[in-house]
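Data block below; observations after.
The values are calculated or read from the model by the stated rules, or taken from the named source; none is laboratory data. All of these numbers come straight from a predicted model, not from anything done at the bench. Note that each Cβ is placed from the backbone with ideal geometry, even for glycine, and that neighbours are counted across all protein chains shown. Heavy atoms of the whole protein, side chains included, go into the accessibility calculation; ligands, DNA and RNA do not. Shrake-Rupley method; radii C 1.70, N 1.55, O 1.52, S 1.80 Å.
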Amino acid sequence: MPTALPATDTSVSGLEFGAATLPAVIGSIGSTDVLAWVAIGAFLGALLLEWRGVREPARYLATGAWLTFGVFWLTMAPYYYYDVQSPLQTILAVVALPLCAYTGYLLWSGRDSLFLLTKAIAFMGLIYLPAETIPFVRQWLIETTAAQTHYGMELLGYSPGIEEGANGYESRFAFDPDETVTGRTTYIILACTGIGSMAIFGGLIAAVKAPLRRKLTGFALAVGVIWFLNLLRNVFIGLASPWGWFQQDWLVSFMTTYMGAEANRVSYLVAHNYVSQVLSVVALLGITYLLIKILPEILEPLEEVLFVITGTEYDLFEALGRDDVRADGGAQHDQ
């Protein structure tokens with residue numbers, strides 16, 4: 001899987017490295033990191049105030065945190081559109097601002113149940129941002145993922161070797177451009193490690209009240225499944241790009257004419273931005289379903305997400321026959 005995405009991106013993705021290195025968005029990395037840290041810091045400050053019973057200041061600070069969080073995602077939209085060329089990520093980045101602003105408005109207006117979703121977002125940031133901003137942690141994650149992806153390629157009969165990528169880490173798959181179909185290859189960045197998806201589920205799990213044993217079991221399940229599926233995804237993209245698995249004439253013509261793609265990047269774009277991202281959404285839904293079986297308490301913040309998106313109250317506990325969990329906090333289900 002591949003390359004120069006902004007350092008703050010929370011999706012499982014990357015970009016391509018070919019004959020010409022894609023420019024890293026160095027100028028935007030610092031500003032987006034700062035904006036993300038400001039938002040997460042404000043979330044944590046609001047939760048601390050709420051925990052101490054200072055409800056109104058907590059509400060105002062949380063509202064500001066949600067607005068900042070939305071602005072952060074909006075600043076990522078141009079990159080997703082022009083450089084990553086990912087319709088899904090671009091749309092999500094654009095709609096994040098109005099959704100975050102609406103969440104802040106609801107919290108400001110007195111919907112205190114949104115403090116739980118605020119708590120989940122804060123924990124997500126605490127899991128992801130240190131991995132992004134601490135150099136030795138970032139390097140370990142990237143190079144370990146690259147080594148594991150290379151091992152997966154070897155199991156399929158490919159052994160290109162690993163060399164230093166444009167990010168300065170041993171993360172680039174050293175396919176010979178004269179022997180491959182497209183002459184391109186990929187390298188691993190932080191977004192390719194799956195840490196973003198792990199942070200999402202880790203934040204949800206940390207935010208809810210439930211017995212520690214079930215929380216640890218749910219976290220281990222989510223991380224394990226994400227790691228395995230992400231490894232498959234990296235291998236798929238890492239081979240599809242150089243070997244031109246999607247270089248069919250009609251597809252190349254469509255992508256170059258209507259999507260502005262370079263002809264030799266079509267296999268990468270299709271594998272990464274369409275096939276893998278669609279399957280990633282399906283995988284996240286599947287992991288959520290499995291996690292609910294172990295930790296139904298996460299339905300509570302998910303109800304808040306649905307309310308923000310639809311404006312309709314949902315009782316997922318009743319729909320899934322888990323009203324007893326809502327009533328007792330899950331204690332009697334620690335099996």
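What to note about this one:
- Each residue in the stretch 142-164 was checked for being touching a Phe, Trp or Tyr at 6+ places or on another chain (Cβ under 7 Å) and in a loop (DSSP other than H, G, I, E, B), and 1 of them qualify.
- Of residues in the stretch 289-315 being without any contact (Cβ under 8 Å) to a residue 24 or more places away in the chain and either among the hydroxyl-bearing types (Ser, Thr, Tyr) or not in a helix (DSSP H, G or I) (or both), the one least open to solvent (accessible area, probe 1.4 Å): Gly311
- From the list Ala210, Ala206, Ala261, the lone residue that is more than 15 Å from the chain's Cα centre (by Cα), in a loop (DSSP other than H, G, I, E, B), touching a residue at least 40 places away in the same chain (Cβ under 8 Å) and under 23 Å from Ile287 (Cβ atoms) is Ala210.
- Scanning the stretch 248-264 for residues that are surrounded by 11 or more Cβ atoms within 10 Å (Cβ to Cβ) and either more than 19 Å from Ile237 (Cα to Cα) or in contact with a helix residue (DSSP H, G or I) (Cβ under 8 Å, 6 or more places away or on another chain) (or both) turns up Leu251, Val252, Ser253, Phe254, Met255, Thr256, Met259, Ala261, Glu262, Ala263.
- Residue in the stretch 176-185 that is among the hydrophobic types (A, V, I, L, M, F, W, C) and under 27 Å from Ala131 (Cβ atoms) present: no
- Residues in the stretch 165-177 that are open to solvent by less than 50 Å² (accessible area, probe 1.4 Å), in a strand (DSSP E or B) and either of a type in the set (Asp, Glu) or under 26 Å from Ile200 (Cα atoms) (or both): Ser171 alone.
- Pairs where the first residue, in the stretch 44-58, is in contact (Cβ under 8 Å) with a residue 24 or more places away in the chain and the second is open to solvent by less than 60 Å² (accessible area, probe 1.4 Å) and among the acidic types (Asp, Glu), C-beta under 8 Å, 6+ apart: Arg55/Asp112; Ala58/Glu50
- Residue tally, condition at pLDDT below 90 and within 18 Å of Leu231 (Cβ to Cβ), over the stretch 122-163: 1
- Members of the stretch 265-274 that are modelled with pLDDT of 90 or more and buried (at least 17 other Cβ atoms within 10 Å of the Cβ): Arg265, Val266, Ser267, Tyr268, Leu269, Val270, Ala271, His272
- Qualifying residue in the stretch 74-91 (condition: open to solvent by less than 20 Å² (accessible area, probe 1.4 Å), in contact with a Lys or Arg (Cβ under 7 Å, 6 or more places away or on another chain) and in contact (Cβ under 8 Å) with a residue 24 or more places away in the chain): no
- Some residue of the stretch 151-159 being polar (S, T, N, Q) and without any contact (Cβ under 8 Å) to a residue 12 or more places away in the chain: yes
- Yes/no for Asn234 being closer than 20 Å to Ser86 by Cβ, assigned to a loop (DSSP other than H, G, I, E, B) and touching a strand residue (DSSP E or B) at 6+ places or on another chain (Cβ under 9 Å): no
- Look at (1) buried (at least 20 other Cβ atoms within 10 Å of the Cβ); (2) within 18 Å of the chain's Cα centre (by Cα); (3) farther than 30 Å from Pro57 by Cβ; (4) not acidic (Asp, Glu) and you find that Thr149 fails only one, number (2).
- Test for Val223: is it under 18 Å from Gln148 (Cβ atoms), open to solvent by less than 50 Å² (accessible area, probe 1.4 Å) and touching a residue at least 24 places away in the same chain (Cβ under 8 Å): yes
- Residue in the stretch 237-246 that is at pLDDT 95 or above, polar (S, T, N, Q) and surrounded by 20 or more Cβ atoms within 10 Å (Cβ to Cβ) present: yes
- Residues (among the acidic types (Asp, Glu), touching a helix residue (DSSP H, G or I) at 6+ places or on another chain (Cβ under 8 Å) and over 30 Å from Leu44 (Cβ atoms)) located in the stretch 120-177: Glu170
- Any hit, the stretch 113-129, residues being of a type in the set (Val, Ile, Thr), touching a residue at least 24 places away in the same chain (Cβ under 8 Å), part of a helix (DSSP H, G or I) and over 28 Å from Tyr169 (Cα atoms): yes
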